[in-house]
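A.B. asks: Sharing a structure below in structure tokens format, with a few things to ask.
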Amino acid sequence: MWSGRFSGKPDKLMQEFSQSVSFDQRLWKEDIQGSLAYAAELQRIGILDEKELADIKTGFATITKEIESGKFEWKVELEDVHMNIEARLTELIGDAGKKLHTGRSRNDQVATDFRMWCVNRSAEIQSATAELGLAITERAEETIDVIIPAYTHLQRAMPVRMAHHLLAYVSLMYHSRYSLPGYNFGGEIRYSPLGSGACTGNSFGVDMKRLANDVLPYGARGAPMLNSMDAVSNRDFALDLIFACAKCMTHLSRISEDMILWSSSEFGFVTLGDAVTTGSSIMPQKRNPDACELVRGKTGRVVGHLMALFTTLKGLPMTYNRDLQEDKEAVFDATDQTLACLRVMALVFSKENFKVNRERIQQQLDSGAGYMEAMNVADWLVLQGVPFRDGHDITGRLVKYVESKGMRFADLTAEDLKAVDERLKPELLNELSLEALVERKQVYAGTARAQVEARLKELKDWLKE
Ligand code: ARG
């Protein structure tokens, strides 16, 4: 492509080192779409005639078929996806193909293609978060009646509906979705660099606004970037997408960690199905939560891609520098891993694989360990007009009493209450159930049944949007 100025060829080692076609061929669809938009603009401004534009369209149709059928011959010596496709176009249609790059540079070309690819990828991740959210919502519907301990500091804190706990995960999907670039047509990603040329603009007067609307799927809201130098060297959209992936993965990692705990013999809240667990090569009794462990493990890798891209970008002088080629593998892998993890987690939360051990959970609650009933006492005292701090102290003394006697709250009698404090009346004994405590959490974000059911419905509607 630049043979005029050179008399020698790049070293074989250099060729291998510098090529990106082995990975950036993933951009082929966007490359063709961007080129078609650009060719139409070249025809509008008189660089191409109608016949040439028609030839270009036919050429791209052929190339599309070749790539889709696996017949396209990708050549390392042509370095990247852009030059491979352009070279093939020229081979197929001759001179019109040679005119396509008029006023365009690979710098605005790759910045455009990659943005378009990221927009599409972001939408795919968005629907995967919705699918996982929906799978979890179904499990929540089945577990409104199951009460489990909620933990702080990994110590039993308060009783909670399992559905409420599961809806916290759906809420995490909600957050994940909001930061995806392009969500609700927002973010940096809707700006198009096409027409910026190598770095200072286009000499032939292409209409960047029209191009923006053609390449980015936002209808009238697509807009050109306002500075060509920034346009060819900016990768904020890639940072945003990796950030959204890293954030989503961090959420998935926490969910995985919960499932690893829940499926252990110590917790035993759930048993994960054969399809998402593995055995041990030495211990025949084992069932390991590998799917969840791998999700947790891959999170580090995705967060690493964010750091890698920040580091690549931080020292770059204006404008395009070849370092920028490193942006793609980071985004490809971050998004591949995130999509795979979202899909695997949807499998973990499928009906077949997420089996709730209701009896086991009940046994654990019946053991009285953790004294979660205590909050009932403190709440009851407040309702009797006792200042909360005094109620806290009285309840603390009651817990101490129960603990020292090696008993459970469920075993308390009116005499026990009286022995601790006069203000602990016998009718309190009817207020000690965990269910009662759960039902008092009648606030919008609380775990009372009516609230959980209402939020469940809202989240479900939102996921189906
Ligand atoms: N493969 C290159 C990349 O991904 C395309 C742009 C090359 N531009 C250049 N001036 N060498 O960044």
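A.B. asks: Identify all lysines with a Cα-Cα distance to residue 57 below 17 Å; exclude those on the same chain that are fewer than 8 residues away in sequence.
C.D. replies: 29, 65, 98, 99
A.B. asks: What size of dipole, in debye to the nearest 20, comes out for the chain about its Cα centre when the only charges are +1 on Lys and Arg C-beta atoms and -1 on Asp and Glu C-beta atoms? Could the numbers behind the result be given before it?
C.D. replies: Working: 57 positive and 66 negative charges, 52 e Å.
Roughly 240 debye, rounded to the nearest 20.
A.B. asks: Between residue 352 and residue 290, what's the calculated FRET efficiency when r is the beta-carbon distance and R0 is 22 Å? Round to 0.05. List each step's numbers first, then the result.
C.D. replies: Values: r = 17 Å, r/R0 = 0.76.
For residue 352 and residue 290, the calculated efficiency is 0.85.
A.B. asks: Order of 28, 74 from fewest to most other C-beta atoms within 10 Å? Before the final figure, lay out the partial values.
C.D. replies: Values: 28 22, 74 16.
With the sparsest Cβ surroundings first, the list reads 74, 28.
A.B. asks: I'd like to know which of 363, 398, 118 lies farthest towards the positive end of the charge dipole of the chain, counting +1 on Cβ of Lys and Arg and -1 on Cβ of Asp and Glu.
C.D. replies: 118
A.B. asks: For n ≥ 4 DSSP H runs only, could you compute -39500 (n - 2.57) per run for the chain, divide by its residues and tell me the 222 nm figure to the nearest 500? The partial results should precede the final answer.
C.D. replies: Working: 19 runs with 272 residues, N = 465.
Mean residue ellipticity at 222 nm (helix-derived): -19000 deg cm²/dmol.
A.B. asks: Quick one: which residues, 5 or more positions from residue 150 or on another chain, have an amide H under 5 Å from its amide H? H modelled 1.01 Å from N in the peptide plane, none for Pro or chain starts.
C.D. replies: Correct list: 157, 158, 160.
A.B. asks: Give the distance, in whole Å, between the Cα centre of segment 309-343 and the Cα centre of segment 374-395.
C.D. replies: Taking the Cα centre of each part, segment 309-343 and segment 374-395 sit 55 Å apart.
A.B. asks: Over segment 103-262, what is the mean sequence separation of C-alpha contacts under 8 Å (at least six apart), divided by residue count, expressed as relative contact order in percent? Don't skip to the end; give the middle numbers.
C.D. replies: Numbers: 226 pairs, mean separation 46.1, N = 160.
Averaging sequence separation for qualifying contacts and normalising by length gives 29 percent for segment 103-262.
A.B. asks: Please work out the C-alpha center-to-center distance from segment 1-38 to segment 162-212 and express it in whole Å.
C.D. replies: 26
A.B. asks: Related question: Please list, in order along segment 325-330, the HN-Hα scalar couplings obtained from phi with the Karplus expression 6.51 cos²θ - 1.76 cosθ + 1.60 (θ = phi - 60°), rounded to whole Hz, x for Gly and Pro.
C.D. replies: For segment 325-330, the Karplus-derived couplings read 4, 6, 5, 5, 4, 4 Hz, x marking Gly and Pro.
A.B. asks: Fewest first, what order do 394, 63, 85, 282 take by the number of other Cβ atoms within 10 Å? All intermediate terms of the calculation are to be shown ahead of the outcome.
C.D. replies: Numbers: 394 18, 63 22, 85 27, 282 6.
Listing 394, 63, 85, 282 from fewest to most nearby Cβ atoms yields 282, 394, 63, 85.
A.B. asks: Full-extension gain between residue 423 and residue 49, please, as 0.36 nm times their residue separation minus the C-alpha to C-alpha distance.
C.D. replies: 125.2 nm
A.B. asks: Further, regarding this structure: Taking H placed 1.01 Å from N in the peptide plane, check which residues at least 5 places from residue 354 or on another chain put their amide H under 5 Å from its amide H.
C.D. replies: 273
A.B. asks: Oh, and also: Normalising by the residue count of the chain, find the relative contact order in percent from Cα pairs under 8 Å and 6+ residues apart. Walk me through the numbers on the way to the answer.
C.D. replies: Values: 652 pairs, mean separation 70.4, N = 465.
Averaging sequence separation for qualifying contacts and normalising by length gives 15 percent for the chain.
A.B. asks: By count of other Cβ within 10 Å, fewest leading, how are 30, 50, 427 ordered?
C.D. replies: Numbers: 30 22, 50 8, 427 11.
Listed from fewest to most nearby Cβ atoms, that is 50, 427, 30.
A.B. asks: Report the label-to-label distance for residue 98 and residue 188 in nanometres (one decimal), using points 7 Å from each Cα along the Cα→Cβ vector.
C.D. replies: 3.9
A.B. asks: Right, here's the next one. So for the chain, taking the charge dipole from beta-carbon charges (+1 Lys/Arg, -1 Asp/Glu), which of 271, 409, 331 sits furthest toward the positive end?
C.D. replies: Checking the options against the dipole of the chain, the answer is 331.
A.B. asks: List, in order, the whole-Hz ³J(HN,Hα) value for each residue of segment 77-87 obtained from phi through the Karplus relation with A = 6.51, B = -1.76, C = 1.60 and θ = phi - 60°; use x for Gly and Pro.
C.D. replies: These are the phi-based 3J(HN,Hα) values: 5, 8, 6, 9, 4, 5, 6, 4, 6, 5, 5 Hz.
A.B. asks: With charges set only on the Cβ (+1 for Lys and Arg, -1 for Asp and Glu), what does the dipole of segment 304-396 come to about its Cα centre, in debye to the nearest 20?
C.D. replies: Numbers: 9 positive and 13 negative charges, 50 e Å.
The calculated dipole for segment 304-396 is roughly 240 debye.
A.B. asks: In whole Hz, what ³J(HN,Hα) sequence does segment 141-148 give by Karplus (6.51, -1.76, 1.60; θ = phi - 60°), x for Gly and Pro?
C.D. replies: 4, 7, 10, 4, 7, 7, 9, 10
Coordinate-derived values only; no laboratory data. Everything numeric here is computed off the predicted structure, so don't read it as measured data. FYI the Cβ positions are ideal-geometry reconstructions off the backbone, even for glycines, and counts take in every protein chain you see.
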